[in-house]
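S.K.: The structure follows.
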Amino acid sequence: MRKSSWQSRRRHGRGGHQQNPWLRQRHSSQRYTTEGPQSLQDPGCEDDESASTSASPNTAADSSVPDLPGYYYDPEKKRYFRLLPGHNNCNPLTKESIRQKEVESKRLQLLEEDEQRKSARKGLNASSFLQKSRLGFLNVTSYCRLAHELRVSCMERRKVQIQSSDPSALASDRFNLILADTNSDRLFTVNDVKVGGSKYGIISLRGLKTPTLKVHMHENLYFTNRKVNSVCWASLNHLDSHILLCLMGLAETPGCATLLPASLFVSSHPGVDRPGMLCSFRIPGAWSCAWSMNIQANNCFSTGLSRRVLLTNVVTGHRQTYGTNSDILAQQFAVMTPLLFNGCRSGEIFAIDLRSRSQGKGWKATRLFHDSAVTSVQILQEEQYLMASDMAGKIKLWDLRTTKCLRQYEGHVNEYAYLPLHVHEEEGIVVAVGQDCYTRIWSLHDAHLLRTIPSPHPTSKADIPSVAFSSRLGGSRGAPGLLMAVRQDLYCFSYG
């Protein structure tokens, strides 16, 4: 009797959760729910959706799969697996590890497709759409978009060789930020040092030519253990003669804005550059900075602080303060009009009329609104349009005359990071790196997503690539291309 009852309990206990009738019922119904929506797709939209699907790395598993507490569903094996309870904080199977594995698998797949890419899609080549344009089958807008898509899709990734007087530092220092100057022949870099802190350098891009992509890193023994909140090129003595940095305060050391002469690294104007002096302004809590190229604010720079904007004249030391209701995270000066555009943590974008006094009431010239914190503002050349991105992943093109949003650029991923936006009117493209470490390129004119470039390294919040795009990489005779810095490596995506 005891033996039979023991065998009965053993038969019922074997298999664990797989013999649960409720779970078996949910699993059997899942077979139909996961296969059902595939037959309901509109066949007419298949071609349009396939391009966007292949370009987006965020394709998740079928949303109809029910989420069972204590289990996870494997889409490859099409079954549930039990999440084991952690023992001594060592759980081999967690939701975070499962998600990271799926993200890495998707990245490797897209990276392989990107390396084998010859054109954006079948039938897209220069001769075909040029012939269609001559026959009148393509309008001007479609022709320009296809031309951009063809050029961007043919960019091939190549690793750049960096030469330095200290090769051991190149193997250990990680790129944190790169910023190209106006002529795109120099690249300012902020590197995280292995022992802690940051190191600055300037890379000369004049040697960035095929077939051997070699550049030289010019370093200076100027270290800081403080976080760099914002950086921009400054034209004090001549074009891009200095670098303006906003450094965060640390312990008893207050934050400051520093003007770093580029001649401390390498002289771009022999006979003109003099040994520069490092100028530092005590400005605590600066989130953003911008240098003025406007004649009405000559030799001035602006810093965005907590609930105020500070305008500083470098020569006279005069300061002017404008009070706001939110932190200023992004700034840019207009050139033809005396306006300073600011992006706030509250989502507001407003312009300051530099001719008005800070104590007056009418100094806000333009007001636009996003639903999340604004991380970047870019004024287009005619100064009638403005591009802005926020922490909700929204990228919008605004008409400053009507204060209305003209178009929105879909696909950007951002939840809380301070990510820049790159707009290049000459090439007609918009470039942004998302928090998912994917670099996306859109057409400026119709907001079409032209290409999605996966990171060469595994996705990590600490390894978000920093990019710089230029129509003339390496100087006036250079070719258009994209530079990407991630970890210790620098890559070049040049037009074929």
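Quick grid of which residues meet (1) open to solvent by 60 Å² or more (accessible area, probe 1.4 Å); (2) at pLDDT 90 or above:
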| site | (1), (2) |
| --- | --- |
| VAL266 | no, no |
| ASP273 | no, no |
| CYS279 | no, no |
| ILE283 | no, no |
| TRP287 | yes, yes |
| SER292 | no, yes |
| ALA297 | no, yes |
| PHE301 | no, yes |
| LEU305 | no, yes |
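S.K.: Another question, if that's okay. Identify, from the list ARG186, ARG206, ARG158, the residue that is within 21 Å of GLY481 (Cα to Cα), in contact with a helix residue (DSSP H, G or I) (Cβ under 8 Å, 6 or more places away or on another chain) and either among the basic types (Lys, Arg) or in contact (Cβ under 8 Å) with a residue 40 or more places away in the chain (or both).
M.R.: Exactly one of ARG186, ARG206, ARG158 is within 21 Å of GLY481 (Cα to Cα), in contact with a helix residue (DSSP H, G or I) (Cβ under 8 Å, 6 or more places away or on another chain) and either among the basic types (Lys, Arg) or in contact (Cβ under 8 Å) with a residue 40 or more places away in the chain (or both), namely ARG186.
S.K.: Within region 312-330, work out how many residues are in a strand (DSSP E or B) and open to solvent by less than 20 Å² (accessible area, probe 1.4 Å).
M.R.: Qualifying residue count for the region: 5.
S.K.: While we're on this one: Of everything in region 379-400 that's part of a loop (DSSP other than H, G, I, E, B) and under 17 Å from the mean Cα position of the chain (by Cα), which residue is nearest to SER288 (Cα to Cα)? Reasoning before the result, please.
M.R.: Within region 379-400, the subset part of a loop (DSSP other than H, G, I, E, B) is 380-384, 391-394, 400.
Within this subset, residues satisfying the condition of being under 17 Å from the mean Cα position of the chain (by Cα) are 391-394.
Values: MET391: 15, ALA392: 19, GLY393: 19, LYS394: 20 Å.
Once the filter is applied, the top-ranked residue is MET391.
S.K.: Filter region 239-261 down to the residues that are touching a His at 6+ places or on another chain (Cβ under 6 Å) and farther than 21 Å from LEU311 by Cβ and list them by number.
M.R.: Across region 239-261, the qualifying residue is only PRO261.
S.K.: Open to solvent by 20 Å² or more (accessible area, probe 1.4 Å), hydrophobic (A, V, I, L, M, F, W, C) and modelled with pLDDT of 90 or more: is that true of LEU449 in this structure?
M.R.: Yes.
S.K.: Which members of region 471-487 meet the condition of being more than 14 Å from VAL215 (Cβ to Cβ) and at pLDDT 90 or above?
M.R.: LEU482, VAL486, ARG487 - these are the residues of region 471-487 that are more than 14 Å from VAL215 (Cβ to Cβ) and at pLDDT 90 or above.
This table checks each residue for (1) buried (at least 18 other Cβ atoms within 10 Å of the Cβ); (2) on the phi > 0 side of the Ramachandran plot; (3) assigned to a strand (DSSP E or B).
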residue: THR402; (1), (2), (3): no, no, no
residue: GLY411; (1), (2), (3): yes, yes, no
residue: GLU415; (1), (2), (3): no, no, no
residue: VAL423; (1), (2), (3): yes, no, yes
residue: GLN435; (1), (2), (3): no, no, no
residue: ARG440; (1), (2), (3): yes, no, yes
residue: HIS445; (1), (2), (3): no, no, no
residue: HIS457; (1), (2), (3): no, no, no
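S.K.: Does ARG407 qualify as being surrounded by fewer than 22 Cβ atoms within 10 Å (Cβ to Cβ) and under 21 Å from TYR322 (Cα atoms)?
M.R.: For ARG407, the condition - surrounded by fewer than 22 Cβ atoms within 10 Å (Cβ to Cβ) and under 21 Å from TYR322 (Cα atoms) - is not met.
S.K.: What is the residue count in region 192-209 for residues that are closer than 23 Å to SER230 by Cβ and basic (Lys, Arg)?
M.R.: Of region 192-209, the ones closer than 23 Å to SER230 by Cβ are 192-193, 196-203, 205.
Adding the requirement that they be basic (Lys, Arg) leaves 199.
The number of residues fulfilling the criteria is 1.
S.K.: When the residues of region 424-467 are filtered to those that are aliphatic (A, V, I, L, M) and under 12 Å from the mean Cα position of the chain (by Cα), which remaining residue is nearest to GLU112 (Cα to Cα)?
M.R.: The extreme case among them is ILE453.
S.K.: With a cut-off of at least 1 residues that are modelled with pLDDT of 75 or more and open to solvent by less than 40 Å² (accessible area, probe 1.4 Å), name the helices (runs of 4 or more DSSP H) lying wholly within region 88-154.
M.R.: Numbers: elements: 95-115, 126-135, 140-153.
Ranges flagged: 95-115, 140-153.
S.K.: Looking at region 352-362, is at least one residue surrounded by fewer than 15 Cβ atoms within 10 Å (Cβ to Cβ) and under 27 Å from LYS394 (Cα atoms)?
M.R.: The answer is no, given that none of the residues of region 352-362 is surrounded by fewer than 15 Cβ atoms within 10 Å (Cβ to Cβ) and under 27 Å from LYS394 (Cα atoms).
S.K.: Looking at region 318-342, I want the residues that are under 14 Å from VAL377 (Cα atoms) and have a partner that is among the charged types (D, E, K, R) and part of a strand (DSSP E or B) with Cβ atoms under 8 Å, at least 6 apart or on another chain. Which pairs are those?
M.R.: So the pair list comes out as ILE328/ARG308; LEU339/ASP353.
S.K.: Give region 468-496 a look and list any residue that's over 15 Å from the mean Cα position of the chain (by Cα), over 29 Å from SER142 (Cα atoms) and in a strand (DSSP E or B), or say none.
M.R.: ASP489, LEU490, TYR491 - these are the residues of region 468-496 that are over 15 Å from the mean Cα position of the chain (by Cα), over 29 Å from SER142 (Cα atoms) and in a strand (DSSP E or B).
S.K.: Mind listing whichever residues of region 218-264 are on the phi > 0 side of the Ramachandran plot and open to solvent by 30 Å² or more (accessible area, probe 1.4 Å)?
M.R.: Within region 218-264, ALA251 is the sole residue that qualifies.
S.K.: Out of region 384-403, which residues are out of contact with any Lys or Arg (no Cβ under 8 Å at 6 or more places or on another chain) and more than 16 Å from GLY343 (Cα to Cα)?
M.R.: Those that are out of contact with any Lys or Arg (no Cβ under 8 Å at 6 or more places or on another chain) and more than 16 Å from GLY343 (Cα to Cα): ARG401, THR402.
S.K.: Kindly provide the set of residues from region 378-400 that are aliphatic (A, V, I, L, M) and open to solvent by less than 40 Å² (accessible area, probe 1.4 Å), ordered by number. If you could, list the steps in order and put the result at the bottom.
M.R.: Just the residues of region 378-400 that are aliphatic (A, V, I, L, M), to begin with: 379-380, 386-388, 391-392, 395, 397, 400.
ILE379, LEU380, LEU386, MET387, ALA388, MET391, ILE395, LEU397, LEU400, listed by residue number.
S.K.: Same structure again: Among the residues of region 165-204, which ones are open to solvent by less than 50 Å² (accessible area, probe 1.4 Å), under 26 Å from ALA479 (Cα atoms) and part of a loop (DSSP other than H, G, I, E, B)?
M.R.: ASP181, SER184, ASP185
S.K.: Mind checking which pairs have a first residue in region 461-479 that is polar (S, T, N, Q) and a second that is part of a loop (DSSP other than H, G, I, E, B) and open to solvent by 20 Å² or more (accessible area, probe 1.4 Å), Cβ under 6 Å, 6 or more apart or different chains?
M.R.: Every condition considered, the pairs that remain are SER471/GLU426; SER471/PRO480.
S.K.: Sort out which residues of region 234-256 are part of a loop (DSSP other than H, G, I, E, B), under 13 Å from GLY285 (Cβ atoms) and not aliphatic (A, V, I, L, M), and write them in order of number.
M.R.: GLY249, PRO254, GLY255
S.K.: Now a separate question. Would you call ILE429 modelled with pLDDT under 95 and open to solvent by less than 10 Å² (accessible area, probe 1.4 Å)?
M.R.: So ILE429 passes the test.
The values are calculated or read from the model by the stated rules, or taken from the named source; none is laboratory data. Being a predicted model, the structure only gives us computed values, none of them experimental. Backbone-built Cβ (ideal geometry, glycine too); neighbour counts: all protein chains shown. Ligands, DNA and RNA are excluded from the accessible area calculation, which covers all protein heavy atoms including side chains. Shrake-Rupley method; radii C 1.70, N 1.55, O 1.52, S 1.80 Å.
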